Amino acid sequence: MEDAERDPGAELAAVVAMRKLADRMEDAAVEKAMRAGWSWSDVAQALGVTRQAVHKKHAKRLIEAGVRLRRRK
């Protein structure tokens, strides 16, 4: 089937599914890194975002999961 013949709804649904998968993968990888002793800055650099962005997105979930988070010195 040519690109022009594909159902846009199916393509958009695939994008949504991929975003959800990417979010779950990020959550798992960030948790693994933090449990391994990585700093917020280390994780942020690996993801190509700011330390504040990573903290805002993940801190609450990690705390609820019982992850001991490193404090800035």
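Return the residues of the range 37-65 that are free of Cβ contacts under 8 Å to residues at least 24 places away in the same chain, surrounded by fewer than 13 Cβ atoms within 10 Å (Cβ to Cβ) and either hydroxyl-bearing (S, T, Y) or over 19 Å from R24 (Cβ atoms) (or both); say none if nothing qualifies.
If the condition is that a residue be free of Cβ contacts under 8 Å to residues at least 24 places away in the same chain, surrounded by fewer than 13 Cβ atoms within 10 Å (Cβ to Cβ) and either hydroxyl-bearing (S, T, Y) or over 19 Å from R24 (Cβ atoms) (or both), then Q52 is the only one that fits.
Need pairs with beta-carbon distance below 7 Å; first residue of a type outside the set (D, E, K, R) and within the range 7-34, second open to solvent by less than 60 Å² (accessible area, probe 1.4 Å) and outside any helix (DSSP H, G or I); sequence gap 6+ or separate chains.
Here the result reads M34/V67; M34/L69, each pair linking the range 7-34 to a residue that is open to solvent by less than 60 Å² (accessible area, probe 1.4 Å) and outside any helix (DSSP H, G or I).
Quick grid of which residues meet (1) of a type in the set (K, R); (2) outside any loop (DSSP other than H, G, I, E, B); (3) modelled with pLDDT under 95:
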{"residue": "M1", "(1), (2), (3)": "no, no, yes"}
{"residue": "L12", "(1), (2), (3)": "no, yes, no"}
{"residue": "R24", "(1), (2), (3)": "yes, yes, no"}
{"residue": "A28", "(1), (2), (3)": "no, yes, no"}
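The values are calculated or read from the model by the stated rules, or taken from the named source; none is laboratory data. In this text, all values refer to a predicted model and were calculated from it rather than measured experimentally. Here the Cβ is made from the backbone with ideal geometry for all residues, glycine too, and neighbour counts use every protein chain on show. When the accessible area is computed, the model is the full protein with side chains, heavy atoms only, and any ligands, DNA or RNA have been set aside. Shrake-Rupley method; radii C 1.70, N 1.55, O 1.52, S 1.80 Å.
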